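Inspection log for the structure reproduced underneath, given as structure tokens.
The values are calculated or read from the model by the stated rules, or taken from the named source; none is laboratory data. Predicted model, so just to flag it, every value in this text is computed and none were measured. Please note: Cβ atoms are built from the backbone with ideal geometry, for glycine as well, and neighbour counts cover all protein chains shown. Accessible surface areas use protein heavy atoms only, side chains included; no ligands, DNA or RNA. Shrake-Rupley method; radii C 1.70, N 1.55, O 1.52, S 1.80 Å.
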Amino acid sequence: MKNTIDCYSDVLEMLDSLLRDPEPFWEDFYTDRTKPIPIFTDYPDETLVSYVRSVNLTGRKVLDIGCGAGRNALFLASQGFEVDAIDLSSTSIEWAKERADERNLSIRFIHGNLFETALRTETYDLIYDSGCFHHLAPHRRITYNKLVTRVLKTGGHFGITCFVPGGKFGGSTLSDWEVYELRTLQGGLGYTKERLIDISNQLQIIDARAMNDVRDGERLFGSSDLLSALFIKAN
């Protein structure tokens with residue numbers, strides 16, 4: 001007879017199977033680097049930059065979840081952080097490695113599924129997610145939040161940027177039920193500030209706001225069609 005953990009894992013895998021396998025999509029997404037995709041920039045999120053400059057971070061060990069082509073990981077490494085950066089796409093990881101090598105920056109890039117990667121408990125002072133969470137199906141929110149809370153040090157910070165409902169980059173307004181009924185996330189789910197705070201209730205909210213739109217020449221990425229939030233794992 002299977003134990004409770006094994007049964008729970010089976011349920012997660014069954015629900016995963018109802019939706020598109022994400023890895024082939026993201027491999028293809030990063031293949032053509034010339035596409036006019038906003039996140040293909042190598043500029044960091046303006047919110048991440050503001051967090052680093054204004055928040056008293058308790059240490060220097062960072063995890064970048066869904067690092068893509070590495071723009072936020074590159075910024076963090078340039079600021080002296082020890083960075084682990086993970087992504088499901090090997091294509092994006094190779095691009096990110098090239099960018100890091102060009103800048104002579106040391107980053108530990110990890111190609112893999114976040115939920116299948118061995119990450120040590122109480123390891124990171126800062127965890128940052130720009131664009132991964134909104135691509136997760138509803139049944140993965142619990143495991144995601146448990147993972148973040150587990151590997152984040154007490155007193156550590158968690159920052160996130162995600163779609164808003166009906167935003168220009170994405171932000172499906174499907175209900176959780178409709179996700180499984182239609183078997184699609186419609187490109188990524190949108191979250192309001194209130195819902196994001198409620199979902200992340202194991203952590204204490206510090207700030208939640210729309211990103212600032214940035215002007216040409218600022219060397220930052222930012223759009224008010226995206227929502228950012230910063231949390232702390234309180235004592």
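Remarks
- Taking only the Cα atoms of segment 1-120, the ratio Rg/Rh comes out at 1.05, with Rh defined as the Kirkwood radius.
- Binned Cα-Cα distances of the chain, short to long, each 5 Å bin given as a whole percent: 1, 6, 14, 18, 21, 19, 12, 6, 2, 1, 0, 0, 0
- Counted charge near Phe158, where neighbours are those whose Cβ lies closer than 11 Å (Asp, Glu -1; Lys, Arg +1): 0
- Share of carbon and sulfur in the accessible area of segment 18-160 stands at 49%, probe radius 1.4 Å.
- Segment 77-118: relative contact order in percent, alpha carbon pairs under 8 Å with at least 6 residues between: 52 percent
- The chain, relative contact order [Cα under 8 Å, separation at least 6], %: 19 percent
- Alpha-carbon Rg/Rh ratio, for segment 1-71, with Rh computed the Kirkwood way: 1.14
- Low-density loop positions, trypsin sites (Lys or Arg not before Pro), segment 1-74 - DSSP coil, at most 16 other Cβ in 10 Å: Lys2, Arg20, Arg33, Arg60
- Per residue accessible area in Å² of the chain, where ligands, DNA and RNA are left out and the probe is 1.4 Å: 51 Å²
- The helix-only estimate of mean residue ellipticity at 222 nm for the chain, built from DSSP H runs of length n ≥ 4 each weighted as -39500 (n - 2.57), is -9500 deg cm²/dmol after division by the residue total.
- Share of alpha-carbon pairs per 5 Å distance bin for segment 62-134, given as whole %: 3, 18, 31, 27, 16, 5, 0
- Too-long pairs where the Cα-Cα distance tops 19 Å, listed order kept, from Lys61/Lys193; Lys97/Lys153; Lys153/Lys193; Lys97/Lys233; Lys35/Lys168; Lys146/Lys233: Lys61/Lys193; Lys97/Lys153; Lys153/Lys193; Lys97/Lys233
- Between segment 105-139 and segment 32-55, the C-alpha centres lie 17 angstrom from each other.
- Lys, Arg +1 and Asp, Glu -1 on Cβ, resulting dipole of the chain about Cα centre, debye, nearest 20: 660 debye
- Counting Lys and Arg as +1 and Asp and Glu as -1 over every other residue whose Cβ lies under 13 Å from the Cβ of Ala77, the net charge comes to +1.
- 13 Å beta-carbon shell around Val52, net charge (K/R +1, D/E -1): -2
- Coarse-grained scattering of segment 95-235 at q = 0.17, 0.18, 0.20, 0.21 Å⁻¹, given as base-10 log I(q)/I(0) from a Debye sum over alpha-carbon atoms: -1.11, -1.20, -1.35, -1.39
- Here nothing in the chain passes the span test, since no DSSP H helix has an alpha carbon length of 24 Å or more along the helix axis and a Kyte-Doolittle mean of -1.0 or above.
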